[in-house]
Every structure is written in structure tokens, then in C-alpha cells.
Amino acid sequence: MPLKVLIIGAGICGPALATLLRRSDPENSITVVERYPGIRHNGLQIDLRAWGVPIMKRLGLINAVKEKCVHESGITFVDSKGKQHGLFGVAGTETGQQSFTSDFEILRGDLSQILYEASLQDSDGRLDTQKKQESTPEGEYGPGVSYLFGTTVTRLDQDEKGVDVTFSDGRTRRYDVVVGADGQWSRTRRMMFGEEAGIDMFKRLNVYVAYFTIPKEPGDDDLARFFHAGKGRGIATRTGDRPYTQVYLMVRTDSEEVRRGIERQSVEEQKETFDKIFRGSGWQMDRFLKGMAESTDFYADSIGQIKAPHVVKGRIALMGDAGYCAAPVSGMGTTVSLMGAWTLAGELARHRGDVPTALEAYDVKIRPYVDAAQKLMPGVPGIMTLESSWAISLLHLIVSILSFFKIDKILMRLAPEEKGGIPLPEYPELKGVYPA
Ligand SMILES: Cc1cc2nc3c(=O)[nH]c(=O)nc-3n(C[C@H](O)[C@H](O)[C@H](O)COP(=O)(O)OP(=O)(O)OC[C@H]3O[C@@H](n4cnc5c(N)ncnc54)[C@H](O)[C@@H]3O)c2cc1C
């Protein structure tokens with residue numbers, strides 16, 4: 001029996017799951033509902049590491065990723081005068097085993113677009129016609145994938161046989177499975193566990209990050225730069241081979257005022273808060289703050305991890321940041337969200353006709369991957385957001401020594417390719433994927 005699936009959120013893992021489910025059974029009817037009017041292209045570089053690399057290979061999308069990859073030569077640390085301390089290059093292994101800079105650095109919007117387009121391709125690789133993508137009441141139950149943009153879900157009522165979904169436009173539909181892929185503030189999670197419990201599952205790291213791009217200037221080369229500005233502030237720039245420069249402003253603070261000025265606030269309010277924190281902090285800060293004020297792709301959020309004891313309730317499941325956000329400072333958020341799509345699609349194919357059993361298996365099987373992804377490297381995020389000038393000087397000395405003796409390369413070779421040493425689970429039942 002083909003499945004009727006609703007996926008809430010067209011970020012990274014939402015379209016990835018839609019692609020896997022469609023390929024697994026072309027008769028599956030998959031609706032993806034996204035609250036924005038289209039695919040969101042904001043966000044800067046994200047990494048594919050560990051299991052993220054083989055999953056994109058299995059999907060036949062690794063070449064599409066490579067074509068869009070931002071090519072960086074490595075990362076260096078700079079002081080307030082722009083002087084470099086240490087230099088760490090890319091690993092160049094093209095496997096899950098990588099150094100500070102991933103071999104697969106891709107802009108979030110590009111990865112989202114690749115996965116979105118893949119979900120709209122039929123088994124011969126043809127793109128669906130626009131007519132099919134536009135969801136009509138009949139079309140939503142037809143085979144394939146349809147996107148409902150500018151829409152959210154306001155209510156979920158489930159019984160043993162299915163889930164009744166009420167959309168923000170007042171329509172109701174019944175699905176076999178509902179998957180919340182709606183990011184770290186997931187409304188699906190709050191509907192499943194209750195408003196307060198759903199919010200409390202977000203464990204703050206008391207770190208806030210702003211992401212935006214500014215015009216490229218001479219001196220912005222293919223080396224990523226990290227500047228410790230002290231007082232818990234870190235600034236990174238990345239240009240790679242692009243005609244613009246990406247700026248990341250990061251601050252670690254337990255100030256309630258800062259939290260209130262950033263978490264779930266308007267862009268204007270967030271920009272004002274970052275301006276106050278970073279003004280006068282050295283290096284090229286005046287240029288960055290001017291660029292921030294003028295940027296149209298600004299995105300900021302509070303950094304934390306979602307600790308949900310379970311990601312399944314009956315026929316409703318959470319996936320990606322919604323269920324197990326690993327935090328951008330882990331470098332594993334995108335990878336573990338793809339792992340969620342892979343495992344959920346695999347279990348639904350394995351337990352065909354028995355959705356509750358498939359979801360229970362997903363809930364258990366995803367856990368070790370989540371635990372591994374959420375394990376932050378020692379010292380993170382403190383080491384990126386140092387307080388005092390002596391700590392910054394000490395760090396510059398250490399990175400210079402590590403880089404001179406190429407100790408980073410030795411450490412990388414010793415690390416397992418798969419994070420936590422756990423391999424990608426195999427699902428022979430999953431159709432339309434490429435062999436290992
Ligand atoms: C705009 C944006 C920019 C980002 N930039 C970065 C970055 O620069 N670096 C980084 O490391 N991580 C970034 N992230 C987070 C990163 O994408 C995720 O950590 C990771 O890729 C896992 O993706 P996901 O699909 O689980 O969630 P997300 O990529 O967060 O996608 C969630 C999707 O759900 C949609 N959504 C939310 N609520 C609802 C609702 N109620 N109904 C319908 N749809 C809803 C959102 O609009 C979004 O499209 C960003 C996320 C977003 C949304």
C-alpha cells in the first residue's frame with residue numbers, strides 16, 4: 001500500500017525525506033508544507049561530514065553538491081591587526097573524515113535547492129511539471145511530491161489508523177504519517193509534547209550567531225579567518241571562490257537582554273542587538289557592521305541542542321533540528337538531519353504497511369547517531385568565544401605550534417571516518433538509491 005505522508009518544513013531533511021520516499025515507491029503521495037513562500041535560500045556555509053557524504057552519494061547527488069561547493073583553502077586565526085596565526089588546510093579525502101574545513105562546504109540555500117529539485121524528479125530524472133507541483137485538493141493525494149508553500153499546520157489529531165491535519169488555510173487532510181522537519185523551534189514538537197515541554201527541550205548553549213554576506217574587498221581571499229574579539233565574541237569571514245564575503249558574528253553570554261533581543265525576534269531587532277555587542281570590537285568591525293545593516297540575507301538565531309527523549313508519538317515523528325538539533329557549532333546538524341531522513345525512509349520501507357512499528361524502529365535506531373552528533377568537541381563553544389586577551393594570545397601560540405608541526409593532520413588520520421565509529425545502516429528495501 002502506498003503511503004500518504006505529510007512533511008512539515010522544506011529545509012534540508014524535509015526535501016531529502018521526500019526524495020527518498022518517492023524513489024522508494026513512486027506511488028507514495030508526499031506533501032511538503034513550508035511556512036515561507038518558497039525554498040529559503042538564507043544561511044551560509046554548512047558542512048557535510050561523516051554519514052552525510054555517503055547519503056548524498058547514495059542519492060546520486062554528490063556531483064551536484066561538488067558543483068556548488070565553496071572552495072576554501074583552509075582556515076587561519078587573525079588578531080585585531082589582521083596578522084595570521086596558524087593555518088589549517090582542507091583534508092581533501094572526500095570521505096566523511098575531514099579537518100576543520102570540510103571538503104564539502106556548501107551554502108545552505110544551494111543544498112536545500114538541490115534536495116528540493118531532486119524531490120521533484122520522477123524515476124527517469126524528469127522534473128515534474130509546474131501543474132503537478134501546484135497542489136490541488138485531488139493532486140495532494142496523487143503519487144509523487146507536492147509542495148504547499150506559505151502554509152503551516154495548526155492542528156494534529158491522530159488515531160490508530162492515521163493523522164487528521166488542519167492547515168493554516170483551514171483545509172483538513174488525513175495522512176498515514178506526519179513528519180515534523182520544521183527546525184529547532186519546531187511547532188510540530190510543541191504540538192506533540194505541549195508548548196512548554198516542547199520549548200524546554202531546547203537546551204541553550206548561551207551562544208548567539210548572526211549570518212550574512214557583505215561585498216567582497218581586496219584582501220578577502222579563499223582562506224577563512226577567525227578573529228577572537230574577547231568578551232565572549234568571535235567573528236569569522238569566509239569568501240572561498242565567491243564574489244561576496246560571508247560574515248559570522250558569534251557571542252557567548254548569559255545576558256537575558258541579549259537573549260530577548262535575538263531569540264525569535266524580528267531581523268531589525270536582531271541587527272540592533274548584534275550592533276550593540278560588536279561595535280568597536282576591532283579588526284574590520286566597522287565594515288562588517290555597515291554590511292550587516294545593508295544585508296538582505298541576514299539570519300540569526302540562538303544556538304543550542306534539542307534533547308527530546310523520544311522523537312516519535314504514534315504516527316507523528318520529528319526529524320532533523322526539530323527532534324535532535326546538534327547546534328551549528330557541532331558541524332553535524334546537516335549531516336544528522338540527512339541521517340534522520342535516511343533512517344526514517346529505510347524503516348518505512350522495511351516495515352511496509354506497519355507505520356507505527358516503522359516509526360518505533362526509527363526512534364530507537366536514530367538515537368546513537370544523535371548522541372554522536374551532539375557530542376561537542378572539548379572546549380566548544382568556549383574556545384570560539386574567549387573572554388580575556390591572555391587566553392587569546394595563548395590560543396594563537398597553540399594554533400601556531402599545531403599548524404607548524406601539522407598535528408591537525410595526524411589527529412584527523414586517527415579519527416574514525418564515521419562520527420562515533422558508527423557506520424551508515426543499510427536498507428536493501430530502500431529503492432532508487434545507489435549502492436555503497
Ligand atoms: C533560514 C535558515 C538559515 C540557516 N543558516 C544556517 C547556517 O548558516 N549555518 C548552520 O550551521 N545552520 C544554519 N541553519 C540551520 C541548518 O539548516 C540546520 O541545522 C540543518 O541543516 C538541519 O536542517 P533541518 O531541515 O532540520 O532544519 P532547517 O534547515 O532549519 O529547516 C526547517 C524548515 O522548516 C520551516 N518551518 C519552520 N516552522 C514551520 C512551520 N510551522 N510550518 C511549516 N514550515 C516550517 C522553515 O522555514 C525551514 O524551511 C539555518 C536554518 C534556517 C531555517
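I'm trying to understand the selection: among the residues of the range 16-47, which are out of contact with any helix residue (DSSP H, G or I) (no Cβ under 8 Å at 6 or more places or on another chain) and within 13 Å of the ligand (Cβ to nearest atom)? Correct list: Val33, Arg35, Tyr36, Pro37, Gly38.
Among the residues of the range 258-270, just one is in contact (Cβ under 8 Å) with a residue 40 or more places away in the chain, of a type in the set (D, E, K, R) and not in a loop (DSSP other than H, G, I, E, B), namely Arg259.
Scanning the range 42-70 for residues that are in contact (Cβ under 8 Å) with a residue 40 or more places away in the chain and touching a strand residue (DSSP E or B) at 6+ places or on another chain (Cβ under 8 Å) yields a total of 10. Every test in (1) more than 10 Å from the ligand (Cβ to nearest atom); (2) farther than 20 Å from Lys4 by Cα; (3) part of a helix (DSSP H, G or I) is passed by Arg190 save one, and that test is (1). If we scan the range 169-178, do we find a residue that is part of a loop (DSSP other than H, G, I, E, B) and within 10 Å of the ligand (Cβ to nearest atom)? So far as the range 169-178 goes, no, none of its residues is part of a loop (DSSP other than H, G, I, E, B) and within 10 Å of the ligand (Cβ to nearest atom). Taking each residue of the range 324-347 that is closer than 28 Å to Lys431 by Cα and looking for partners that are more than 9 Å from the ligand (Cβ to nearest atom) and basic (Lys, Arg) with beta-carbon atoms closer than 6 Å, six or more apart or interchain, yields Thr335/Arg49; Thr343/Lys365.
Within the range 48-64, the presence of at least one residue that is buried (at least 18 other Cβ atoms within 10 Å of the Cβ), within 16 Å of the ligand (Cβ to nearest atom) and more than 15 Å from the chain's Cα centre (by Cα) is confirmed. Put simply, of Asp124, Asp128, Asp103, Asp157 the only residue that is at pLDDT 95 or above, at negative phi and among the charged types (D, E, K, R) is Asp157.
Of all the listed residues (Thr237, Thr166, Thr188, Thr172), the sole one being among the hydroxyl-bearing types (Ser, Thr, Tyr), within 24 Å of Ile39 (Cα to Cα) and within 20 Å of the chain's Cα centre (by Cα) is Thr188. Considering the range 348-372 alone, what residues qualify as being in contact with a Ser or Thr (Cβ under 9 Å, 6 or more places away or on another chain) and without any contact (Cβ under 8 Å) to a residue 60 or more places away in the chain? His351, Ala361, Tyr362, Ile366, listed by residue number. Selection of the range 17-55 for residues being touching a Phe, Trp or Tyr at 6+ places or on another chain (Cβ under 8 Å) and closer than 20 Å to Val370 by Cβ yields Leu20, Asp47, Leu48, Arg49, Trp51, Gly52, Val53, Ile55.
Can you confirm whether Gly9 is within 15 Å of the ligand (Cβ to nearest atom), in contact with a strand residue (DSSP E or B) (Cβ under 7 Å, 6 or more places away or on another chain), at pLDDT below 95 and under 18 Å from Asp321 (Cβ atoms)?
Numbers: within 15 Å of the ligand (Cβ to nearest atom): yes; in contact with a strand residue (DSSP E or B) (Cβ under 7 Å, 6 or more places away or on another chain): yes; at pLDDT below 95: no; under 18 Å from Asp321 (Cβ atoms): yes.
It is false that Gly9 is within 15 Å of the ligand (Cβ to nearest atom), in contact with a strand residue (DSSP E or B) (Cβ under 7 Å, 6 or more places away or on another chain), at pLDDT below 95 and under 18 Å from Asp321 (Cβ atoms).
Could you please let me know if Glu117 is within 16 Å of the ligand (Cβ to nearest atom), assigned to a helix (DSSP H, G or I) and at pLDDT below 95? No, not satisfied.
Residues in the range 148-167 that are in contact (Cβ under 8 Å) with a residue 60 or more places away in the chain and either among the polar types (S, T, N, Q) or near the ligand (Cβ under 10 Å from one of its atoms) (or both): Leu148, Phe149, Gly150, Thr151, Thr152, Val153, Gln158, Phe167.
Among the residues of the range 301-310, not a single one is farther than 30 Å from Tyr362 by Cα, outside any strand (DSSP E or B) and within 24 Å of the chain's Cα centre (by Cα). Put simply, of Ala358, Ala327, Ala341, Ala317 the only residue that is surrounded by 23 or more Cβ atoms within 10 Å (Cβ to Cβ) and either at positive phi or of a type in the set (Lys, Arg) (or both) is Ala327. Is it the case that the range 19-27 has a residue that's surrounded by 23 or more Cβ atoms within 10 Å (Cβ to Cβ) and either in contact with a Gly (Cβ under 7 Å, 6 or more places away or on another chain) or more than 18 Å from Leu344 (Cα to Cα) (or both)? There is at least one residue in the range 19-27 that is surrounded by 23 or more Cβ atoms within 10 Å (Cβ to Cβ) and either in contact with a Gly (Cβ under 7 Å, 6 or more places away or on another chain) or more than 18 Å from Leu344 (Cα to Cα) (or both).
Within the range 304-329, the set of residues being more than 24 Å from Ala18 (Cα to Cα) and near the ligand (Cβ under 9 Å from one of its atoms) comprises just one member, Val329. What number of residues within the range 74-99 are at pLDDT below 90, under 18 Å from Asp222 (Cα atoms) and surrounded by fewer than 17 Cβ atoms within 10 Å (Cβ to Cβ)? The number of residues fulfilling the criteria is 1.
Name the single residue, out of those in the range 199-232 being farther than 26 Å from Met377 by Cα and surrounded by 19 or more Cβ atoms within 10 Å (Cβ to Cβ), that is farthest from the ligand (Cβ to nearest atom). Ranking the candidates gives Asp220 first. Against the list (1) over 23 Å from Ile8 (Cβ atoms); (2) surrounded by fewer than 16 Cβ atoms within 10 Å (Cβ to Cβ); (3) within 14 Å of the ligand (Cβ to nearest atom), the condition Arg264 fails is (1).
The values are calculated or read from the model by the stated rules, or taken from the named source; none is laboratory data. Only a predicted model underlies this, so the values are computations on that prediction, with no experimental measurement involved. Ideal geometry is used to build each Cβ from the backbone, glycine not excepted, and the neighbour counts take in all protein chains shown.
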